[in-house]
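K.L.:
Got a structure for you, questions after.
The values are calculated or read from the model by the stated rules, or taken from the named source; none is laboratory data. Note that the structure is predicted; figures quoted are calculated from it, not measured. Neighbour counts are summed over all protein chains in view; Cβ atoms, including those assigned to glycine, are modelled from backbone coordinates with ideal geometry.
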Amino acid sequence: MNRHRVDYLSRDKLAWLLVTQALVILPLLFFLPGWLLVIWGLVAYWRIQMYLGRWGAPGMVLKGIVIGLCALGIFISFSGRVGTETMVALLLSAFVLKLLEVKSNRDAQWLIMIGFVTTGTQLLFNQSPLAALYSLGCCWLLIASWRAIHLHYAQPMGKGLQRSGAILLHTLPVMLVLFVVIPRLGPLWAIPNQKAAQTGFSDSLEPGDISELVTSQAPAFRVEFEGEPLAPTRLYWRGLVMDHFDGRRWTQRDKFPLATKTLAPNDGKRTNYSIIIEPHGQRWLFGLVTPVRLHTGAHTGWITDNNLLMMRYPIAQRLRYEVSSVLDSAHAGPFNLSPPEQQQHTQFPAGANPRTQALIRDWRRQGADNSAIIERALKLFNQQFRYTLRPPALGQHSVDEFLFDTKQGFCEHFASSFAFMLRSAGIPARIAVGYQGGMWNNLENYLLVRQSDAHAWVEVWSAERGWYMIDPTATVAPNRIEQGINNALPDTELNLVQSPWQHLALLRQLQMQLDAAVYLWHRRVLSYDAKAQEGLLKNLLGGSEPWRITLWLIGLGLVAAGAFAWLMTRRRRWNPLRPETRLIQRLERKLAPRGFTRARDEPLGQFLARVAHAEPPLQQLLQEICRFYEQIAYREQDEYLDALRQAIKKI
């Protein structure tokens, strides 16, 4: 009968596992149901009680109940849907429940293997540099735990982390080489999540929506231009167009536009740029006026007939895409708008905002054509209205109350009232929402667009020009367009959009440096796709053919092997002896005049026993020296060095 030896876990090994498991699952609990933390706490407490001998191991029935409860909790939490979060929650449940079964070193190894996989899932939810460092730290702890379960003594935590860190550092060159040469597939974090981040504006607009959004300093996206950046007045980042008005709220008539536009290759001079967008949980992207090319890598995206950029799935993680836009189209009219489209873009409820409708009818009776009505509306805004983040609340007839009573508002107030005035005159109009402007970062030469840059403007149709934009906010607060929102608001409202430390130059510079580091991480690491790999390999090797990569790897391996051999030879020749070995050599020199010489292959313990037999007064001291040496040399307990040194001095 074969009997397998079981190495039961000691207290220090269990402590390593508990601490490591807690740190591995901690970041996942921000994205997964909170009851998983309760399950882990109960399992960890049970495991500690088992070690103390107070509780026994759970039986099969209890295990089955716990597994069933976890499965039921996952099913309820995710409404039976199978997605990224569901599978990670299932893995995390297995990782937690496995702790109840850990009895031997072999069980601990399985737990650590699951821990490595669980650490990788952290990057499905967050790919920032700090998240990557945290995951690397979890790998460090997992390696330390793996070492701890194979040691036959309790090693100090600092020493264990030091040894494990050395192992991890040795793997970094291999990781770097594999990152460069392994064929690039779509990243795992491109898998759509069920709980995507929900930031930014929605697909509807009414007074007060954007003024609430602009109080956030969170980044929306970052832009890198090919060539010189554009002037601030040209930086209108379109996200959505809203063409349905119910008297107060603007919405999209078509929630999921699928039609793609067809463009001639000579549409005008193109502006090329790439964008790294923050997750906002919606399917739209942002781009300048009239995009003609969209490249989203392994993702599926397209340009609609309204010049919008759309994605197949909601944007749940940072995404990099490239766009080419034509800001000054070479096409001239006439342009046609079909009768259904004409009706769609002049539609509004019959009884909505009666005073505004009466004003437009009066202008028409005075002989104003379409151009005159547009000019008179903009002149009205310029002379009588004030730009503010704290406008008074508006009722059912929001446009009437804004135009004739409050005369204070934010960009959505001006855009909504202007579009309604044009529709009342029979002029096709719609609202575009997105962002305007941005802050330039000179450290990495990119434009940072924040949520505080959110903006709304109007797009008007004419037979001569087609759809073109008019920003009524620019007539009221031109500083908002040219210099940003901080230069357009009164001093009493700057605290709503500025951080308390905004006036400190040092902290502003630190913020720019941190944001540049985040941008560089996503630009150079997370956006390293097949196209970037091909360009890098072409620069390094002259091409990306497999035979070039194979020869390069063989050469690199030979160089690494030669360097390692040279270092080992140099280490044997020049590396100083360990301190405990030098102390023992000092002891041997002290004992030599008494006639005791240690043979070349004689163990230290045997040598000291021989001396103690001949010199009984030294027996106890020599036994202490032998014990101190073994603690240092074989258990890496360097704290005994002073004791060994003092004992040898007594000889």
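K.L.:
Does Leu91 satisfy the condition of being within 13 Å of Leu36 (Cα to Cα) and either in contact with a strand residue (DSSP E or B) (Cβ under 6 Å, 6 or more places away or on another chain) or exposed (fewer than 11 other Cβ atoms within 10 Å of the Cβ) (or both)?
P.N.:
No; evaluated as a whole, the condition is false for this residue.
K.L.:
Right, another one. Could you list all residues from the range 312-325 that are touching a residue at least 60 places away in the same chain (Cβ under 8 Å) and among the β-branched types (Val, Ile, Thr)?
P.N.:
Scanning the range 312-325 gives a single hit, Ile315.
K.L.:
Ok, one more. Please go through the range 47-84 and give me each residue that is surrounded by 10 or more Cβ atoms within 10 Å (Cβ to Cβ), assigned to a helix (DSSP H, G or I) and more than 35 Å from the chain's Cα centre (by Cα), ordered by number.
P.N.:
The answer is Ile48, Gln49, Met50, Tyr51, Leu62, Lys63, Gly64, Ile65.
K.L.:
Starting from residues that are among the hydrophobic types (A, V, I, L, M, F, W, C) and buried (at least 23 other Cβ atoms within 10 Å of the Cβ), keep the ones in the range 220-244 and report whichever is nearest to Tyr446 (Cα to Cα). Reasoning before the result, please.
P.N.:
Of all residues in the range 220-244, those among the hydrophobic types (A, V, I, L, M, F, W, C) come to 220-221, 223, 225, 230-231, 235, 237, 240-242.
Pick out the ones that are also buried (at least 23 other Cβ atoms within 10 Å of the Cβ) and you get 220-221, 223, 237, 240.
Details: Ala220: 13, Phe221: 10, Val223: 5, Trp237: 15, Leu240: 23 Å.
My answer is Val223.
Condition check ((1) at pLDDT 70 or above; (2) over 30 Å from Leu553 (Cα atoms); (3) among the aliphatic types (A, V, I, L, M)) across all residues:
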position	(1), (2), (3)
Pro173	yes, no, no
Pro183	yes, no, no
Ala197	no, yes, yes
Ser204	yes, yes, no
Val214	yes, yes, yes
Ala220	yes, yes, yes
Gly239	yes, yes, no
Gly247	yes, yes, no
Gln252	yes, yes, no
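K.L.:
Continuing with this model, one more query. Only residues that are more than 41 Å from the chain's Cα centre (by Cα) and either of a type in the set (A, V, I, L, M, F, W, C) or assigned to a helix (DSSP H, G or I) (or both): list them for the range 403-420, please. Walk me through it before giving the result.
P.N.:
First, the residues of the range 403-420 that are more than 41 Å from the chain's Cα centre (by Cα): 403-407.
Correct list: Leu403, Phe404, Asp405, Thr406.
K.L.:
Answer with yes or no whether Arg423 is assigned to a strand (DSSP E or B), modelled with pLDDT of 90 or more, surrounded by 18 or more Cβ atoms within 10 Å (Cβ to Cβ) and not small (Gly, Ala, Ser).
P.N.:
No; evaluated as a whole, the condition is false for this residue.
K.L.:
Still on this structure, please answer the following. When you go through Phe95, Phe116 one by one, which is the residue that is touching a residue at least 60 places away in the same chain (Cβ under 8 Å), in contact with a helix residue (DSSP H, G or I) (Cβ under 7 Å, 6 or more places away or on another chain) and among the aromatic types (Phe, Trp, Tyr)?
P.N.:
Details: Phe116 fails: touching a residue at least 60 places away in the same chain (Cβ under 8 Å).
Step by step, each of Phe95, Phe116 is checked, and only Phe95 is touching a residue at least 60 places away in the same chain (Cβ under 8 Å), in contact with a helix residue (DSSP H, G or I) (Cβ under 7 Å, 6 or more places away or on another chain) and among the aromatic types (Phe, Trp, Tyr).
K.L.:
Can you tell me which residue among Lys98, Lys103 is within 16 Å of Leu18 (Cβ to Cβ), of a type in the set (D, E, K, R) and touching a strand residue (DSSP E or B) at 6+ places or on another chain (Cβ under 7 Å)? Can you show your working first?
P.N.:
Details: Lys98 fails: touching a strand residue (DSSP E or B) at 6+ places or on another chain (Cβ under 7 Å).
The match here is Lys103.
K.L.:
Condition first: part of a loop (DSSP other than H, G, I, E, B), out of contact with any Cys (no Cβ under 6 Å at 6 or more places or on another chain) and of a type in the set (Val, Ile, Thr). Can you find one or more residues in the range 375-398 that meet it? First the steps, then the outcome.
P.N.:
Step one: list which residues in the range 375-398 are part of a loop (DSSP other than H, G, I, E, B), which gives 385, 388-397.
Checking which are out of contact with any Cys (no Cβ under 6 Å at 6 or more places or on another chain) leaves us with 385, 388-397.
With the extra rule that they be of a type in the set (Val, Ile, Thr), the set shrinks to 388.
Yes.
K.L.:
State the number of residues belonging to the range 294-319 that are surrounded by fewer than 16 Cβ atoms within 10 Å (Cβ to Cβ) and more than 25 Å from Trp521 (Cα to Cα).
P.N.:
2
K.L.:
Read through the list (1) buried (at least 22 other Cβ atoms within 10 Å of the Cβ); (2) over 18 Å from Leu308 (Cβ atoms), then give the number of the only condition that Gln436 fails.
P.N.:
Result: Gln436 fails condition (2) only.
K.L.:
Among (1) in a loop (DSSP other than H, G, I, E, B); (2) modelled with pLDDT of 85 or more; (3) of a type in the set (Ser, Thr, Tyr), where does Ser93 come up short?
P.N.:
For Ser93, the failing item is (1).
K.L.:
Among the candidates Leu309, Leu319, single out the residue that is aliphatic (A, V, I, L, M) and modelled with pLDDT of 90 or more.
P.N.:
On the way: Leu319 fails: modelled with pLDDT of 90 or more.
Selected residue: Leu309, the only one of Leu309, Leu319 that is aliphatic (A, V, I, L, M) and modelled with pLDDT of 90 or more.
K.L.:
Of everything in the range 447-468 that's closer than 13 Å to Cys411 by Cβ and among the aliphatic types (A, V, I, L, M), which residue is nearest to the chain's Cα centre (by Cα)?
P.N.:
Step one: of the range 447-468, the residues closer than 13 Å to Cys411 by Cβ are 452-458.
Applying the additional criterion that residues be among the aliphatic types (A, V, I, L, M) yields 454, 456, 458.
Details: Ala454: 22, Ala456: 28, Val458: 33 Å.
Looking at residues that are closer than 13 Å to Cys411 by Cβ and among the aliphatic types (A, V, I, L, M), I get Ala454.
K.L.:
Oh, and also: Could you please let me know if Ile167 is closer than 30 Å to Met60 by Cα, modelled with pLDDT of 85 or more and either out of contact with any Ser or Thr (no Cβ under 7 Å at 6 or more places or on another chain) or surrounded by 14 or more Cβ atoms within 10 Å (Cβ to Cβ) (or both)? Walk me through it before giving the result.
P.N.:
Working: closer than 30 Å to Met60 by Cα: no; modelled with pLDDT of 85 or more: yes; either out of contact with any Ser or Thr (no Cβ under 7 Å at 6 or more places or on another chain) or surrounded by 14 or more Cβ atoms within 10 Å (Cβ to Cβ) (or both): yes.
Judged against the criteria, Ile167 is not a match.
K.L.:
Would you pick out the residues in the range 502-536 that are within 14 Å of Ser274 (Cβ to Cβ), at pLDDT 85 or above and among the hydrophobic types (A, V, I, L, M, F, W, C)?
P.N.:
Selection gives Leu520 alone.
K.L.:
So is Ile112 surrounded by 15 or more Cβ atoms within 10 Å (Cβ to Cβ), on the phi < 0 side of the Ramachandran plot and in the same structural domain as Val24 (by TED's automatic domain parsing) or not? It would help to see each step written out before you state the result.
P.N.:
Numbers: surrounded by 15 or more Cβ atoms within 10 Å (Cβ to Cβ): yes; on the phi < 0 side of the Ramachandran plot: yes; in the same structural domain as Val24 (by TED's automatic domain parsing): yes.
Yes; evaluated as a whole, the condition is true for this residue.
K.L.:
Which condition number does Lys407 fail, the rest of (1) more than 30 Å from Phe221 (Cα to Cα); (2) out of contact with any strand residue (DSSP E or B) (no Cβ under 9 Å at 6 or more places or on another chain) being met?
P.N.:
Among (1) more than 30 Å from Phe221 (Cα to Cα); (2) out of contact with any strand residue (DSSP E or B) (no Cβ under 9 Å at 6 or more places or on another chain), Lys407 violates only (2).
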